[in-house]
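Scroll down for the structure; my scribbles are underneath it.
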Amino acid sequence: MTIVACLAALSIVGRIYTVGIPNVQPSTTIIICVSLVFGVRIGLTLAILTVLGSNLVLGFGPFVIMQLLAWGAVAIASGLIGKIYKKIPFLILALYTAFMGMFYGLIVSLNMLFIGDGLMFVAYYLAGMPFDIYHAIGNFFFFIVLGPIIIKIMEKEKAKLYGLKEGTYHS
């Protein structure tokens, strides 16, 4: 519980303090790293806490539901590949985090299908594409810098938590 609280605080603060850079924040990368190591359940918990905690400062609106769905989907996808992430080359994982930035933007944009129509969705999504690209580039660089550190710390914590030697994890 303490680990999740600390990670949520890091993700929330990271999102709030980078709000001046459009759509660039470390939260997606943190959620991915944690989901890779700890799995879907902890990843989803972190995603929910990130959305709710950061939006206490940044504001709530109908978009919160889509943020929950988007970061939740990122956590689920990352948790599912968590069993094999050590076999995936680092650069591929970095590109995966970039792709997840684009995926997040797509999911968040889907709200236009509910309040508009297909054309409104296409226009909204295309207008937001530069921001999704910023998110993807930010994720890539955050993963390059923070990914190895977060993953190493999470692996050590998981080993302590489950009484396992490093490298012998079973989710």
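The values are calculated or read from the model by the stated rules, or taken from the named source; none is laboratory data. Computed from a predicted structure; not experimentally measured. Counting neighbours? That spans all protein chains shown, and the Cβs are built from the backbone with ideal geometry, glycine included. We work out accessible area using only protein heavy atoms, side chains counted, and drop any ligands, DNA or RNA first. Shrake-Rupley method; radii C 1.70, N 1.55, O 1.52, S 1.80 Å.
Laid out as a table, the results:
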| read-out | value |
| --- | --- |
| Relative contact order for the chain, counting Cα pairs under 8 Å that sit 6 or more residues apart, in percent | 27 percent |
| Solvent-accessible surface (1.4 angstrom probe) belonging to Ile107, in square angstrom, nearest 10 | 30 Å² |
| 222 nm mean residue ellipticity, helices alone, for the chain (DSSP H n ≥ 4; -39,500 (n - 2.57); rounded to 500) | -27000 deg cm²/dmol |
| Accessible surface, the chain, averaged per residue in Å² (probe 1.4 Å) | 53 Å² |
| FRET efficiency estimate (nearest 0.05) - Cβ-Cβ, Tyr162 to Ile137, R0 25 angstrom | 0.10 |
| Residue among Leu91, Leu146, Leu161 with the largest mean-square fluctuation in a Gaussian network model of the chain, springs linking Cα atoms under 10 Å | Leu161 |
| Solvent exposure ordering (accessible area, 1.4 Å, most first) of Tyr162, Tyr104, Tyr125 | Tyr162, Tyr125, Tyr104 |
| Whole-Hz couplings from phi, Karplus 6.51/-1.76/1.60, listed for the stretch 107-118; x for Gly and Pro | 4, 5, 6, 4, 4, 5, 5, 7, 9, x, 9, x |
